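Have a look at the structure below, then the notes.
The values are calculated or read from the model by the stated rules, or taken from the named source; none is laboratory data. In this text, all values refer to a predicted model and were calculated from it rather than measured experimentally. Glycine also receives a Cβ, built like all others from the backbone with ideal geometry; neighbour counts cover every protein chain displayed. Accessible surface areas use protein heavy atoms only, side chains included; no ligands, DNA or RNA. Shrake-Rupley method; radii C 1.70, N 1.55, O 1.52, S 1.80 Å.
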Amino acid sequence: MTIRITIRDADTGSKVEMDLEEDNSIEETIESAASYWEKEAGAYVLRYGKKVLRGQTTIGMSAIRDGDLLELIPDPEGGY
């Protein structure tokens, strides 16, 4: 099943919409968004409400739903 989410760049406030599959990983989603804004993917995480998302967790496992807004933020633990 495909869901459409919006990702907002915390640095600039600009937004991009993405169509994702439930088996897409958070890491793939971060890489796509970071690439769109020409950022270093390893230095960023996604914030969903109060949760920080990263790694191999899938969209389906993370409770993200169609129409949700996520934020691309610098990794508070420092990137790799």
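Per DSSP H run of n ≥ 4, the term is -39500 (n - 2.57); total these for the chain, divide by its residue number, and report the mean residue ellipticity at 222 nm rounded to 500 deg cm²/dmol. Walk me through the numbers before you get to the answer.
Working: 1 runs with 11 residues, N = 80.
Per the formula, -4000 deg cm²/dmol.
Hey, what angle do you get for helix 26-36 against the long axis of the chain, alpha-carbon based, 0 to 90 degrees rounded to 10?
Approximately 60 degrees, to the nearest 10.
Packing-wise, with mean Cβ within 10 Å as the measure, how do 27-40, 9-22, 54-67 rank, highest first? Mind dumping the intermediate values first?
Details: 27-40: 16.0, 9-22: 12.5, 54-67: 14.1.
So the peptides 27-40, 9-22, 54-67, ranked by packing, come out 27-40, 54-67, 9-22.
Would you work out the charge dipole size for the chain about its Cα centre, treating the Cβ of every Lys and Arg as +1 and the Cβ of every Asp and Glu as -1, and quote it to the nearest 20 debye? Don't skip to the answer; put the middle values down first.
Values: 9 positive and 17 negative charges, 77 e Å.
Charge dipole, the chain, about its Cα centre: 360 debye, nearest 20.
Accessible area per residue, 1.4 Å probe, Å², for the chain: what's the number? Each step should come with its number before you reach the end.
Details: 4700 Å² over 80 residues.
About 59 Å² of surface per residue is accessible.
In terms of the ratio Rg/(2.2 N^0.38 Å) built on C-alpha atoms, what value belongs to the chain? Mind showing how you got there, number by number?
Values: Rg = 11.3 Å, N = 80, 2.2 N^0.38 = 11.6 Å.
Output field value: 0.97.
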